[in-house]
Structure formats: structure tokens, C-alpha cells
Amino acid sequence: MAAVILLCIYGLVGLPSFPTSGGTIKQNLSERIRLGLDLQGGTHLVLQVQVNEAVRQETNQNVTQIYKLLRDRNIPSDQPVSIGDTQIKVSNVSPDRIGDLRAIATDSFPGFDFSSVPGETNGYLLTMKQAVIQTIQQRTMDQSVTTIRRRIDQLGLREPVVEPYGQGDNEIIVELAGEGDPARARQIIQAGGQLEVRLVEDARPYGSEAEALAAHNGMLPPNTELLRGKGSLGQTRLPREMCGTSFRVMR
């Protein structure tokens, strides 16, 4: 039993250092034991990534490409426009060139479904496929986590936590043991690029705008806004297709 106890102490402290070597048992302990956020103190952030903005940018880029192809092939139509985050509308297509427009959609934009606009003559929609939307959103999340980790490394902290948050598909949790200045951490995360992060004000998401406002007596706190998010409202993760819309109060 004594041997087991001594082995455990060695695992925590190592060989004792004497004053002549400049080391102490306390120093050995600090180097071998990693204190968590609850013991050491630090910064806890929940960040929301604007994944839908990435989808919108992808759609807008395709609008430009479609316009160029229509002009290059002399297909008469109105200028294509984006509808929401995931659709592109092309109106007043010359009836004898609809086949050419369909060929452009099929050959050059396989990530979109082609359909006519209900109730509109010679109007057509390209709608981004759900699988493509999910790929863009996941890629955006992965890139955001990688970028945040790389920037957090500048703080020189041991074992920071940067990972997707469990309640949704567009949030990241950041735990920085030993870093007591959230403003400094946020400044470093946002520095040197277009990465935009928002601090979550409330601990829980809301099922509607009305519910969020009711929780704050009808008025959001100063310098905050209500943003639409994704994911279930409970602690249990639901399948993606079952996850509804939630709302977060963000700073």
C-alpha cells in the first residue's frame, strides 16, 4: 500500500527539487496538474457563427456566374437576382431559349434544383439543394473552429477548449482557463480577418421572438440583438432534420 501511495505522489509531484536547483514542490505540481476553468478561473464564451451568411454569399456568387453565362450565350432575360439565402430567380426568359437555360442550370450548377416560378410566365428558380447547404454550413463551422483555435494560441494558455456547442449547429464554446479578460480574448479571436463572432447574452435559446422579449420584459438589454439560430431547445441533440428554429440574444 505504501508503495502505491508513493507512486501516486511521484506521478503528481515528481522527484522533489531542492532550493539549490531553483525548483519547488509547488512548481512541480503546477507543471503536472492542469486546473480546469472551475478551479483556476478564466473566460467562458459561447460564440455564434453566421453560417447562413456563408450560404448567402455562395448564392450571390452563383448569381454573378449565371448572369455571365446568359450574356455569353445571348439568352434574353431579366438580370438574375437572389431570393433569400438559397434561391436565384431568372425572369422573362425568351420562350425559345428555356431549354438553353435548363442546360446551363444542369451543367454548370449541379448544386441547385431547377424549377419554374409558380404563377409566373417564363420565370425560373434555381434552389440550392439541402445537402449543399449543410456542406457549406459545416465547412464554415470547421473553418471557424480552426481559425479560433489558431488565434487563441496567441494567449499562450494550456489546453484551451474550442469546440462546437452542444445545443445547435452554429455555436462554438470557448473555455480559456487562466484568462480572466473576456474582452482581450474576443479581440484576439476577431483580429486579422473577417471572422465575426457574437457573445451569447442569455444561457438558453428561445423558441420565438416573443418568448425572448417576454423574458426581458418586452425590451432587449442595451447593445444586444435577437438572432435566429438552429438546433433543438433542450439538452438532448435531435437529428438535424428534426431541429427547428431557435433565437439567441447576442451581444
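The values are calculated or read from the model by the stated rules, or taken from the named source; none is laboratory data. Keep in mind the model is a prediction, meaning the values are calculated, not measured. Positions of Cβ are generated from backbone atoms using ideal geometry, with glycine treated the same way; all protein chains shown enter the neighbour counts.
A few remarks follow.
- Residues of the range 69-83 classified as of a type outside the set (S, T, Y) and crowded, with 16+ Cβ neighbours inside 10 Å, total: 4
- In the range 200-225, the residue that is nearest to the chain's Cα centre (by Cα) out of those that are surrounded by fewer than 16 Cβ atoms within 10 Å (Cβ to Cβ) and modelled with pLDDT under 70 is A203.
- The residues in the range 79-118 that are part of a loop (DSSP other than H, G, I, E, B) and over 30 Å from Q137 (Cα atoms) can be counted, and the count is 3.
- In the range 130-170, residue surrounded by the most Cβ atoms within 10 Å (Cβ to Cβ) [restricted to those that are within 29 Å of N62 (Cα to Cα) and of a type in the set (A, V, I, L, M, F, W, C)]: I148
- Condition met for T236 (over 18 Å from I148 (Cβ atoms), at pLDDT below 60 and of a type in the set (V, I, T)): yes
- Among residues of the range 66-85 that are closer than 18 Å to T127 by Cβ, those with a Cβ under 8 angstrom from a residue that is of a type in the set (F, W, Y), sequence gap 6+ or separate chain, pair up as I66/F109; P80/Y67.
- Selected residue (criterion: nearest to Q65 (Cα to Cα)) from residues of the range 117-126 that are at pLDDT below 95 and of a type outside the set (V, I, T): G123
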